[in-house]
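Since the structure comes first, as structure tokens, the remarks are kept for the end.
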Amino acid sequence: MRLSIAAKLNFFLLFIFSMVLVFSACYQAVRERDLILSLIKEQSQEQTEAYFDSLNMLMLTGQMAARDTLREKFKRHSHVKDARIVRSTALTRQYGPGRAEEAVQDDFDRLALEGKGSLEVIQEGASSRLIATLPLRASKAYRGTDCTSCHQVEEGTVLGAVRFEYDLDALFAQVERSILGSTLALTALFGAGLLLTLWVLRTWVVNPLGQLTRAMEEATDAPLPGRRLEIEEEDEIGRVAAAYNQMLDSMERRLAPRPSEPGAQSRTMSAAADPKRG
Ligand code: HEC
């Protein structure tokens, strides 16, 4: 395949660029997802604690009947899909089963009532959510409150858990949009770079080389002395032109008929063949 140097270079640049683009998009996707996840995990930690603190205030002030309002308020926080309390058997034994949604519904609830909190991303098809649970143990001094003064259980018993679920789809879509944006910007930047490279190649390499080639082609057909090249730049191509000019000079000198020395050329050749002469 016959390709010009400019085409080869552009293919090479295109290849490098595609690699850079793919790598940067993947890297950015991983980084931004991790960043968003760590932020939302932090948010979940704060919100589960805040939810229990508010609920505890209702317990202390005897307003537990208003706890549905509290739940509705927390469910309206951004990215919160669901917020609820899971009640333990120790609690239902004393106060009854509570609201329907406060019963154990899955393994995360069960784990939480065993005292093991979770902070896990669940992927179901194209949608993902974060599940955060915070077990609530009876303590004699939980931030200044003695749980056992009302709940008749031993210290350390899990009374229930706070469970939050976060919708991650909107957040991940945001990441995708940001990656698409930066990929488009990179592509535009590279397009401009490619055009600039083409222009630079044309003015510094392709055109001077074309001139050199044309001059050499002309010189092949023309009688001696051949046309000397103008040297515009002192770069590699300029040096080729200078060498070409020197070559013409030397050829001219050797081939010019010298009346004083008719056998000049054959003499030179025999001189080169005999090392002792010189
Ligand atoms: C002033 C008494 C009192 C104190 C102190 C108290 N609670 Fe409660 N707690 C209640 C009452 C009353 C309820 C409501 C029970 C019901 O009607 O279902 C309740 C309910 C709960 C629930 C279930 C909430 C729900 O929405 O179903 C949990 C979990 C709980 N308490 C944990 C704790 C923990 C942990 C502490 C210690 C930090 C604590 N409580 C301190 C009185 C108290």
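Values quoted throughout were computed directly from the atomic coordinates according to the rules given, and no laboratory measurement underlies them. Not measured: the values here are computed from a predicted model. Cβ atoms come from the backbone with ideal geometry, glycine included; neighbour counts cover every protein chain shown.
Exposure proxy for Trp199, Trp204: other Cβ atoms within 10 Å of each Cβ, ordered fewest to most, give Trp199, Trp204.
Please report the net charge: other residues with Cβ closer than 12 Å to the Cβ of Met247, K and R +1, D and E -1. Within the 12 Å Cβ shell, the charges total +1.
Once the Cα atoms are used to define both axes, helix 207-221 deviates from the longest principal axis of the chain by about 20 degrees. Multiplying each eigenvalue of the alpha-carbon gyration tensor of the stretch 58-118 by 5 and taking the square root yields semi-axes of 19, 18, 10 Å, largest first, rounded to whole angstroms.
Sequence gap at least 6, Cα distance under 8 Å: using those rules, report the relative contact order of the stretch 188-257 to the nearest whole percent.
25
What would the Debye equation give as log₁₀ I(q)/I(0) for the chain at q = 0.09, 0.13 Å⁻¹, counting only Cα atoms as equal point scatterers? Relative scattering, expressed as log10 I(q)/I(0), comes to -0.68, -0.96.
Among Arg110, Arg87, sorting on how many other beta-carbon atoms sit within 10 Å of each Cβ, with the fewest leading, yields Arg110, Arg87.
Shape summary: the stretch 1-43 maps onto an equivalent ellipsoid whose semi-axes, from the alpha-carbon gyration tensor, are 41, 6, 4 Å in decreasing order. Classify the stretch 25-102 from the C-alpha gyration tensor, please: rounded if a/c falls under 1.5, else prolate or oblate depending on whether a/b exceeds b/c. Prolate.
Protection proxy ranking for 236-242, 16-22, using the average of other Cβ atoms within 10 Å per residue and placing the highest first: 236-242, 16-22. Counting Lys and Arg as +1 and Asp and Glu as -1 over every other residue whose Cβ lies under 10 Å from the Cβ of Asp146, the net charge comes to 0.
Can you give me the Rg/Rh ratio for the stretch 73-206, using Cα atoms for both radii and the Kirkwood formula for Rh?
Radius of gyration relative to Kirkwood radius: 1.40.
Ranked by the mean number of other Cβ atoms within 10 Å per residue, highest first, peptides 61-73, 151-163 order as 151-163, 61-73.
For the stretch 78-149, the fraction of alpha-carbon pairs lying more than 22 Å apart is 33 percent, rounded to a whole number.
Over the stretch 126-225, what is the relative contact order in whole percent, taking alpha-carbon pairs under 8 Å and six or more residues apart? About 24 percent, as a whole number.
Using the Cα coordinates of the stretch 188-257, the gyration tensor eigenvalues translate into equivalent-ellipsoid semi-axes of 34, 12, 6 Å, sorted from longest to shortest. Here the contact order of the chain, divided by its residue count and restricted to Cα pairs under 8 Å and six or more residues apart, works out to 16 percent.
Each principal axis of the stretch 1-131 carries a Cα extent, and these read 88, 26, 21 Å when sorted largest first.
Footprinting exposure proxy ranking of Glu49, Glu124, Glu230, fewest other C-beta atoms within 10 angstrom first, gives Glu124, Glu230, Glu49. For Ala100 and Val121, what does the FRET efficiency come to when R0 = 25 Å and r is the distance between their Cβ atoms, rounded to the nearest 0.05? With R0 = 25 Å, the Cβ-Cβ based efficiency is 0.40.
The label point for Glu154 and the one for Tyr142, both projected 7 Å from the Cα toward the Cβ, are 1.8 nm apart.
Across the alpha-carbon set of the stretch 110-168, the Rg to Rh ratio works out to 1.15, Rh being the Kirkwood radius. Residues considered: Phe74, Phe12, Phe190. Largest GNM mean-square fluctuation over the chain, using C-alpha springs under 10 Å, is found at Phe12.
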